[in-house]
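This report refers to the structure that appears directly beneath it.
The values are calculated or read from the model by the stated rules, or taken from the named source; none is laboratory data. As the structure is a computational prediction, the values presented were derived from the model and not from experiment. Heads up, the Cβs are rebuilt from the backbone with ideal geometry, glycines too, and the neighbour counts pull from every protein chain shown.
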Amino acid sequence: MARESLTIEAPWAGDEQLGLVVARFCSEASEASFAALDAAVSLASDLSFPKNMLMGVFLGMYNEDCVDEAAFVPWRTAEAGMVSPEAKSAAVTDLAQWYDWLAEQDEDDEEEDDEE
C-alpha cells in the first residue's frame, strides 16, 4: 500500500506540529470517528480553511489509525453533524484530492486481496 504517495506542501503539518493535533483526536475520539472528522472541519473552518490544512489532518488521522479507515467515506455523505452545512460543504470540496487518493488506496487494497 502506498500511503506515502500523497504529499502536501504545508510546513506547519510536520510531524512535530501535526502530531500534537492528531494526538488530541487519538486520545478523545478513537471511538467517535465522525466526531473527530467534524472537529477537524470545525477547526479548519474557524481558521478559514488554510491551504492543505484539512487534508494534512485527515492524512495524519488516516496514517496514524486515529480514525477508522471505513469512516472517511460515509462521513463525506453524512449530515453535517456538529459543523454547519456550509463548513461541511467547504470541507468536502477542500478534500476532493484526499478522497480521490483514498479511493485509489481502496482499489490497491482490493487488488492485493484478490492476489492472495
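Out of Pro74, Pro50, Pro85, I need the residue that is closer than 18 Å to Glu104 by Cα and either surrounded by fewer than 14 Cβ atoms within 10 Å (Cβ to Cβ) or over 11 Å from the mean Cα position of the chain (by Cα) (or both). Which one?
Within the list Pro74, Pro50, Pro85, the selection yields Pro74.
Considering only region 90-105, state which residues are assigned to a helix (DSSP H, G or I) and of a type outside the set (Gly, Ala, Ser).
Those that are assigned to a helix (DSSP H, G or I) and of a type outside the set (Gly, Ala, Ser): Val92, Thr93, Asp94, Gln97, Trp98, Tyr99, Asp100, Trp101, Leu102, Glu104, Gln105.
Inside region 6-89, counting only helices (runs of 4 or more DSSP H) that do not spill past its ends, which hold 3 or more residues that are under 20 Å from Trp101 (Cα atoms) and at pLDDT 80 or above?
33-46, 53-63, 72-77
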